[in-house]
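These notes are about the structure you will find just below.
The values are calculated or read from the model by the stated rules, or taken from the named source; none is laboratory data. The structure presented is a predicted model; accordingly, all values stated were derived computationally and were not measured. Cβ sites come from the backbone with ideal geometry, for glycine too, and all protein chains shown count toward neighbours.
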Amino acid sequence: MNQILHEQFLINIFDELGSTNTQLAKDALSKNLDEFNVYLAHKQTKGKGRINRKWQSYKENLQFSILLKPNISISKIHHINFISVIALGNIIKNLNYSNLNISYKWPNDLIINDRKIAGILLESLQGTNNEQLAILGIGVNIGNSPKNTTFPSQNLKDLGIIIDKITFLKDFLTEFKKLYNGWIDFGFRQYRKIWLENAYNLNKIISISNGKKEISAIFKGITEDGELEIIENNRIITIRSADISPNN
C-alpha cells in the first residue's frame, strides 16, 4: 500500500481490494480512522453499486471511497450524492473540452452525451462513539467502459480526454471539499439549483422502477430535500428511492 497526502485527504492506494467501501467502513470502525481517509484500489474483486448491483472494476479506471464524518442529521446525508456528482461535473467542465453534454442523472450518476461516465454509492454507519459516518464510494470510467450495463456507459479516453487517474482524484478531492464545506455551512439549496440546471431528462417522460413495479411519468425535478418529483396522471408524486431511465 502506498500513501499520498493531498490537502486534508490521506489517499491510501491498494493494488486490490474486495470493495473500497466495505474495507473503508470496516477499518473506520476497527482503527478509528480520521475523516477524509481515502481508499483507492486499482482493482476491486467485489465492487458494488446501488440496488445490490456489481460494479465492474478495471485497472484503467478510478474507484475510490472517502470517509466522512458530517455533523449533520442522518436524514440529510443523501445530499452528498448531489454534491459529489456536481464536483465530478465541475472537474470535467474545467478541462475545457468541447462537444461534451454533461448532465446529472438522479440520484447519483454523471452522464456525458447520454452515456454514464461515473456512479456513486453512499453508505452510512454509526461510529464507535455514536458519531455519524458516511462512506462515499465513486467509480469513474477513465480508460475503460463497463460491459452489459443497465445504462449505456463510456469512458473519458474514448471522448478524447486523457488524464491520469491520480491527477483526476486530487482535482476531485479539492473541488469536493469546497462544495462539502459549503453544504455543511449553508445547506443544500444552492446545490439543488445547480443540479437542476444540469438534470438529465428534466421535463421529459422517464421510466421509474422500484424493483417490483415500473411506471412512466414526467420528470418534474427534485424537492428541497433531493427527492424525485414526477407528474403522473396530472398528479405530482414524490419518490425517495428508485431507479430511473429514459422512456424508450
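For the condition touching a residue at least 60 places away in the same chain (Cβ under 8 Å), under 18 Å from the mean Cα position of the chain (by Cα) and within 22 Å of Gly221 (Cα to Cα), what is the one hit in Leu196, Leu179?
Exactly one residue qualifies, and that residue is Leu179.
Quick grid of which residues meet (1) more than 25 Å from Ser245 (Cβ to Cβ); (2) assigned to a helix (DSSP H, G or I); (3) in the same structural domain as Leu10 (by TED's automatic domain parsing):
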position: Ile120; (1), (2), (3): no, no, yes
position: Ile138; (1), (2), (3): no, no, yes
position: Ile142; (1), (2), (3): no, no, yes
position: Phe151; (1), (2), (3): no, no, yes
position: Leu169; (1), (2), (3): yes, yes, yes
position: Lys178; (1), (2), (3): yes, yes, yes
position: Asn181; (1), (2), (3): yes, yes, yes
position: Gln190; (1), (2), (3): yes, yes, yes
position: Lys193; (1), (2), (3): no, yes, yes
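What strands (runs of 3 or more DSSP E) completely inside the stretch 196-248 contain at least 2 residues that are of a type in the set (Asp, Glu), surrounded by 13 or more Cβ atoms within 10 Å (Cβ to Cβ) and in the same structural domain as Gly89 (by TED's automatic domain parsing)?
Correct list: empty, since no element meets the threshold.
Starting from the stretch 152-165, take each residue that is touching a residue at least 40 places away in the same chain (Cβ under 8 Å) and list its partners that are not small (Gly, Ala, Ser), counting only C-beta distances under 6 angstrom and pairs at least six apart or across chains.
Gln154/Arg115; Asn155/Asn141; Asn155/Asn144; Leu156/Ile142; Ile161/Tyr97; Lys165/Leu62; Lys165/Ile142
Output the number of residues of the stretch 72-123 satisfying the condition of being modelled with pLDDT of 95 or more and among the hydroxyl-bearing types (Ser, Thr, Tyr).
3
Based on what the data block shows, is Pro107 touching a helix residue (DSSP H, G or I) at 6+ places or on another chain (Cβ under 8 Å), surrounded by 20 or more Cβ atoms within 10 Å (Cβ to Cβ) and assigned by TED's automatic domain parsing to the domain that holds Gln190?
yes
Take the stretch 116-140 and flag every residue that is surrounded by 15 or more Cβ atoms within 10 Å (Cβ to Cβ) and either among the hydroxyl-bearing types (Ser, Thr, Tyr) or more than 30 Å from Ser75 (Cα to Cα) (or both).
Selection gives Ser124 alone.
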